[in-house]
Amino acid sequence: MASNKTNSYVSDTVDFSDRFIGIFGVILAIWVTVSNVTFIISIVRDGVRRRSLFWLLITNLSVADALVGVGVAPYAALYYYKGFWIFGESFCHVWVTFDWMLGIVSIVTLIIISTERLVNIKQGSQTTTGTTKCVIVCLMMVFPWAIGAAIAIFITIVLNEVEKYQNQCYFIVEPIQEILSTVITFFIPIIVCIGVDIGILLKWRKLTQGQDEYSRKRIVGVLLVCAAYILMRTPFHVIFPLSAFGVYAPHKAVSVSYWLAYAHSGVNPLLWLVSPEVREAYRSFVCCRGRGQQRRAEKSDEVTMLPVS
């Protein structure tokens, strides 16, 4: 998610609403961290799901969401509560770059997940073994982080500037660069994501006829998470570049849109409850059941792969 912007991130004077938002931010950060860590543990403790490309990609997305709760939201909450930045100039740079990076990682991972599901509908499960499988899985897991880090560093260090001035952590950006940053990191990726999801919906008849319940619920979960990403993050990315046109949104509107975007990271673990596999994984984790004790209706699920030429 795009991070704080000069003269619009915190108000000049801290009022009750800023204090309230700061407290809410701390609670949200705790929820985002706990819910995503619980989700990750519930999935990876099962050996079958650990070998599924789909669940590895979902886990990758949850890691990015958990890092929002650990490395971004708590500092934003304290920034709101106190009204000034207390962590020094170096961490100001790190925090803003990390914020941008995690937003990019999330949407790129969602695109990969949606593409994997679309290929699965069209061509069915294809498996590979040995070194080829390991290389493909590793590339698909690492790619969102590599592209996210590269774009975030380019935007916050090369294209624009981050600095601490008079106890404020400022993201200084020129109007044209402001628009360019938003288009590159949000609007282009969501257009791609929507295009892939439309491809999935066009194959819905084949999905309902040729896929089992677990596969259908996986795709429903993917569509819900993608829709939530777009709906919850769009307000901020619309408000963010408005100043390039001389339009400045009210401080409270910026704050609401900012935290709505962060809240998406805490909504994802709930949306995945649509999948019976996730509900079973949660029950198993909460009840401390071992692998042999789980009731499993699905067949052993091998790694679903994109076609390898």
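The values are calculated or read from the model by the stated rules, or taken from the named source; none is laboratory data. Keep in mind it's a predicted model, so treat the numbers as computed, not measured. Methodologically, a virtual Cβ is constructed for each residue, glycine included, from the backbone with ideal geometry; neighbour enumeration extends over all protein chains shown. Surface accessibility is based on the protein's heavy atoms, side chains included, excluding ligands, DNA and RNA. Shrake-Rupley method; radii C 1.70, N 1.55, O 1.52, S 1.80 Å.
Quick notes on this structure:
- Just one of the listed residues (58, 40, 27) is under 19 Å from residue 274 (Cα atoms), in a helix (DSSP H, G or I) and without any contact (Cβ under 8 Å) to a residue 40 or more places away in the chain, and it is 40.
- Scanning the range 107-127 for residues that are open to solvent by 30 Å² or more (accessible area, probe 1.4 Å) and at pLDDT below 85 yields 122, 123, 125, 126, 127.
- With respect to (1) open to solvent by 20 Å² or more (accessible area, probe 1.4 Å); (2) within 15 Å of the chain's Cα centre (by Cα), the lone exception for residue 205 is condition (2).
- Residues of the range 27-40 satisfying the condition of being more than 17 Å from residue 261 (Cβ to Cβ) and touching a helix residue (DSSP H, G or I) at 6+ places or on another chain (Cβ under 6 Å): 37, 39, 40
- Residue within the range 120-128 that is outside any helix (DSSP H, G or I), in contact with a helix residue (DSSP H, G or I) (Cβ under 6 Å, 6 or more places away or on another chain) and of a type in the set (A, V, I, L, M) present: no
- So residue 44, is it closer than 17 Å to residue 286 by Cβ and in contact with a Lys or Arg (Cβ under 7 Å, 6 or more places away or on another chain): yes
- Filter result for residue 239 (at pLDDT below 90 and either among the acidic types (Asp, Glu) or open to solvent by less than 50 Å² (accessible area, probe 1.4 Å) (or both)): yes
- Failed item, numbered, when residue 273 is tested on (1) closer than 17 Å to residue 104 by Cα; (2) open to solvent by 40 Å² or more (accessible area, probe 1.4 Å): (1)
- For the range 21-37, the condition of being at negative phi, modelled with pLDDT under 95, open to solvent by 10 Å² or more (accessible area, probe 1.4 Å) and under 19 Å from the mean Cα position of the chain (by Cα) holds for none of the residues.
- In the range 147-168 there is at least one residue that is modelled with pLDDT of 85 or more, farther than 16 Å from residue 96 by Cβ and either over 22 Å from the mean Cα position of the chain (by Cα) or in a helix (DSSP H, G or I) (or both).
- Test: residue in the range 258-274 that is assigned to a strand (DSSP E or B) and out of contact with any Cys (no Cβ under 8 Å at 6 or more places or on another chain): no
- Filter result (touching a Phe, Trp or Tyr at 6+ places or on another chain (Cβ under 8 Å) and under 18 Å from residue 175 (Cα atoms)) within the range 215-267: 236, 237, 242, 254
- Selected residue (only one of 225, 183 is more than 29 Å from residue 34 (Cβ to Cβ), part of a helix (DSSP H, G or I) and under 23 Å from the mean Cα position of the chain (by Cα)): 183
- Filtered residues of the range 228-257 (kept if assigned to a loop (DSSP other than H, G, I, E, B) and not aliphatic (A, V, I, L, M)): 246, 248, 250
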